[in-house]
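What follows is a single structure, written as structure tokens, with notes after it.
The values are calculated or read from the model by the stated rules, or taken from the named source; none is laboratory data. Fair warning: this is a prediction, and the values are worked out from it, not measured in the lab. Here Cβ is always computed from backbone atoms with ideal geometry, including for glycine, and neighbour counts include all displayed protein chains.
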Amino acid sequence: MSGCMSEVIREGIIYFIQTQDRGPSYPCIESLVYQGGRILSSRKIDYSPHLSDPRLQDIIRTNMHTLHDDLAREISGGTYARL
């Protein structure tokens with residue numbers, strides 16, 4: 001499993017984004033948004049249709065970064081401010 005974790009601060013509140021590839025036995029990318037120990041959001045991208053694609057690692061990497069960056073933008077835009 002590979003992944004990344006980021007901290008985003010909005011209006012003095014710290015949010016964490018954790019994104020990971022769950023691996024070949026569960027072929028999906030999962031991102032979680034945390035604040036104060038609570039999970040505020042969970043998103044998944046299924047990449048099982050691409051398992052035989054020779055560009056699989058590039059597909060995973062691209063989707064992982066896109067999902068992670070989208071959530072960071074949502075946090076910065078205030079999507080989770082009221083949760």
- line: Reported set for segment 1-16 where residues are among the aliphatic types (A, V, I, L, M), over 12 Å from residue 80 (Cα atoms) and at pLDDT 90 or above is 5
message: When you scan segment 32-45, do you find a residue that is touching a strand residue (DSSP E or B) at 6+ places or on another chain (Cβ under 8 Å), more than 30 Å from residue 82 (Cα to Cα) and not aromatic (Phe, Trp, Tyr), even just one?
response: no
message: Quick check on this structure: which one of 19, 79 is surrounded by 11 or more Cβ atoms within 10 Å (Cβ to Cβ), modelled with pLDDT under 95, of a type in the set (S, T, N, Q) and in contact with a helix residue (DSSP H, G or I) (Cβ under 9 Å, 6 or more places away or on another chain)?
response: 79
message: Just checking, does segment 49-57 include any residue being closer than 18 Å to residue 20 by Cα and either touching a Pro at 6+ places or on another chain (Cβ under 7 Å) or of a type in the set (Phe, Trp, Tyr) (or both)?
response: yes
- prompt: Out of (1) surrounded by fewer than 14 Cβ atoms within 10 Å (Cβ to Cβ); (2) over 20 Å from residue 79 (Cα atoms), the odd one out for residue 63 is which?
  reply: (1)
- prompt: Do we have any residue at all in segment 39-57 that's surrounded by 16 or more Cβ atoms within 10 Å (Cβ to Cβ) and small (Gly, Ala, Ser)?
  reply: yes
Subset tally (residues that are surrounded by 13 or more Cβ atoms within 10 Å (Cβ to Cβ) and either under 23 Å from residue 74 (Cα atoms) or in contact (Cβ under 8 Å) with a residue 40 or more places away in the chain (or both)) for segment 23-38: 8
